[in-house]
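Novice: The structure's right below; bear with me while I get my questions together.
No value in this document is a laboratory result; all are computed from the given coordinates. A quick note: this is a predicted structure, and the numbers were derived from the prediction, not measured. Heads up, the Cβs are rebuilt from the backbone with ideal geometry, glycines too, and the neighbour counts pull from every protein chain shown.
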Amino acid sequence: MAVIPGDGVGPEVVAAQLEVLKATGLSFEFSEYPAGDNHLEKTGQAMPDETIKGAQAAQAVLFGAVGVSAAKVILRLRAELGTYVNLRPSQAFKGVPCIHPQTDIMVVRENTECLYAGIETRLTDDVTTATRIITKTASLRIARHAFEYAKTNGRKKVTAVHKVNVLKITDGMFLDCCRKVAPEFPEIEYEEALVDSVAMRIVQRPEEFDVIVTTNLFGDILSDLAAGVIGGLGLCPSANLGDEHALFEPVHGSAPDIAGQGVVNPSAAIMCGAMMLEHLGEKQAAQKVQNALETCLTQGKTTRDLGGSLSTMEMAQEVIKAMD
Ligand code: NAD
Ligand code: IPM
Ligand code: MN
């Protein structure tokens, strides 16, 4: 297992995650690799080759968070590992204070293109541009993944989220691809919706959504939005998946406003651990970690962002106790 703790709260949530993973009794080897702002300051490099190689050689990668060098680090990793899917669940937990306790949304985010292509130009002193790339290959692939996900996980509906009223050609193609795939899954309801109104509906009526499939930037924004209605970013893990590699990271960033205080919520990172176990075929252990975490959340054994009083490590210890 390659472990990239990163900056800010990254190392804090990863430490908690590793404690929980070690308590499963499974014998993983964890090799730590540097990346991020701190490493940049020390060495002049945010993303050392050694870290890329370590991640590529590993069975799976656990990532914490990095700060301002995030684009150089996490986008590079996603590209080098060929992880074209980003699964971002936002599920409300019993007993956790939130706006909408019935929320259970899986955002299936395209993870390789869109405005993340990195093509920005300063044309003149006045004019700058960014290129939004949408390909048929990536759109068909993500649409298929979303429907497959829905089918194998007992989900009922896939909503393709777009902005085709403005982005006629790019989102036109994205939607064409979703429409091509949808009939291959007749048991799954298919719906299309504009991203702006989806944002409003997630705030008011998140229960209208099940699986959302969308392009890279909309997926980034909607996953933080969905986190907001279930209690915050401390509760949202994510899985970056490709044909050969898998990287698990919380949806949140390095949270510099609370870093170093030992109060960051480790739940997202702990759920990343459970997602990794599931991915590796360790279903029982994955379920055990997830159940233990949910027990703690339900009993209010949480960090202060959810109204609890535990430190990050105390919460990890409570999860471990609940696993026995
Ligand atoms: P953020 O996700 O770091 O924090 C947003 C807010 O949510 C903050 O108030 C923070 O304290 C709170 N928060 C986040 N995670 C939490 C947790 N687990 N428990 C409790 N509270 C939590 O977003 P930001 O502040 O906009 O970005 C900070 C830095 O992180 C930026 O430099 C950004 O580029 C980077 N970033 C990195 C990643 C990544 O490494 N994958 C992801 C997102 C942002
Ligand atoms: C995320 C982050 C990254 C993204 C940034 C840090 C490059 O916001 O993982 O959600 O936009 O994908
Ligand atoms: Mn984000």
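Novice: Report, in deg cm²/dmol and to the nearest 500, the calculated mean residue ellipticity at 222 nm for the chain, where each DSSP H run with n ≥ 4 adds -39500 (n - 2.57) and the sum is divided by the residue count.
Specialist: -12500 deg cm²/dmol
Novice: How far apart, in nanometres, would the label points at residue 192 and residue 261 be if each is projected 7 angstrom from Cα along the Cα-to-Cβ direction?
Specialist: With each label placed 7 Å out from Cα toward Cβ, I get 4.6 nm.
Novice: Okay, moving on. So for 252, 245, fewest C-beta neighbours within 10 Å to most, what's the order?
Specialist: Lowest count first: 245, 252.
Novice: Just report the Cα centroid separation between region 268-304 and region 1-64, whole Å.
Specialist: Here the two parts' Cα centres lie 19 Å apart.
Novice: How much length would be gained if the chain were fully extended between residue 32 and residue 124, taking 0.36 nm per residue of separation minus their Cα-Cα distance, in nm to one decimal?
Specialist: Fully extending the segment from residue 32 to residue 124 adds 28.7 nm.
Novice: Calculate the spin-label point distance for residue 243 paired with residue 80, positioning each point 7 Å from the Cα along the beta-carbon direction, and give it in nanometres.
Specialist: It is 2.1 nm.
Novice: What is the sum of charges around residue 258, taking Lys and Arg as +1, Asp and Glu as -1, for the other residues whose C-beta is under 14 Å from the C-beta of residue 258?
Specialist: Around residue 258, the charge tally is -3.
Novice: Please compute the modelled spin-label separation between residue 91 and residue 148, points set 7 Å along Cα→Cβ, answer in nm with one decimal.
Specialist: Inter-label distance under the simple model: 2.1 nm.
Novice: Taking every eigenvalue of the Cα gyration tensor of the chain, multiplying by 5 and rooting it, what semi-axes result, largest first, whole Å?
Specialist: 30, 25, 19
Novice: What FRET efficiency, computed as 1/(1 + (r/R0)^6) with R0 = 25 Å and r the Cβ-Cβ distance, is obtained for residue 184 and residue 208, rounded to the nearest 0.05?
Specialist: Calculated transfer efficiency: 0.60.
Novice: Subtract the Cα-Cα distance of residue 169 and residue 41 from 0.36 nm times their separation in residues, and report this length gain in nm to one decimal.
Specialist: 41.9 nm
Novice: In whole angstrom, how long is each semi-axis of the equivalent ellipsoid of region 66-210, when you take the square root of 5 times every eigenvalue of its Cα gyration tensor and sort them from largest down?
Specialist: 28, 20, 17
Novice: Could you list 155, 109, 78 in order of exposure, starting from the residue whose Cβ has the fewest other Cβ atoms within 10 Å?
Specialist: Placing the least packed residue first, the sequence is 155, 78, 109.
Novice: For a quick check: sort 230, 320, 134, 212 by the number of other beta carbons within 10 angstrom, fewest at the front.
Specialist: Least to most surrounded, the residues fall as 320, 134, 230, 212.
Novice: Something else now. Tell me, what does the Kirkwood hydrodynamic radius of region 110-193 come to in angstroms if you use every pair of distinct C-alpha atoms?
Specialist: 14.0
Novice: Enumerate by residue number the GluC sites (Glu not before Pro) in region 199-292 meeting two conditions: DSSP loop (anything except H, G, I, E, B), and at most 10 other Cβ atoms within 10 Å of the site's Cβ.
Specialist: Sparse-neighbourhood loop GluC sites (Glu not before Pro): 244.
Novice: Can I get the semi-axes of region 158-232's equivalent ellipsoid? Compute them from the C-alpha gyration tensor as square roots of 5 times the eigenvalues, in angstrom, largest first.
Specialist: 21, 16, 10
Novice: I need the calculated FRET efficiency for the pair residue 59 and residue 287, taking r as the beta carbon distance and R₀ as 25 Å, to the nearest 0.05.
Specialist: Computed FRET efficiency for residue 59 and residue 287 comes out at 0.80.
Novice: Still on this structure: Summing Lys, Arg as +1 and Asp, Glu as -1, what charge do residues with Cβ under 14 Å from the Cβ of residue 180 carry, residue 180 excluded?
Specialist: With Lys, Arg at +1 and Asp, Glu at -1, the neighbours total +1.
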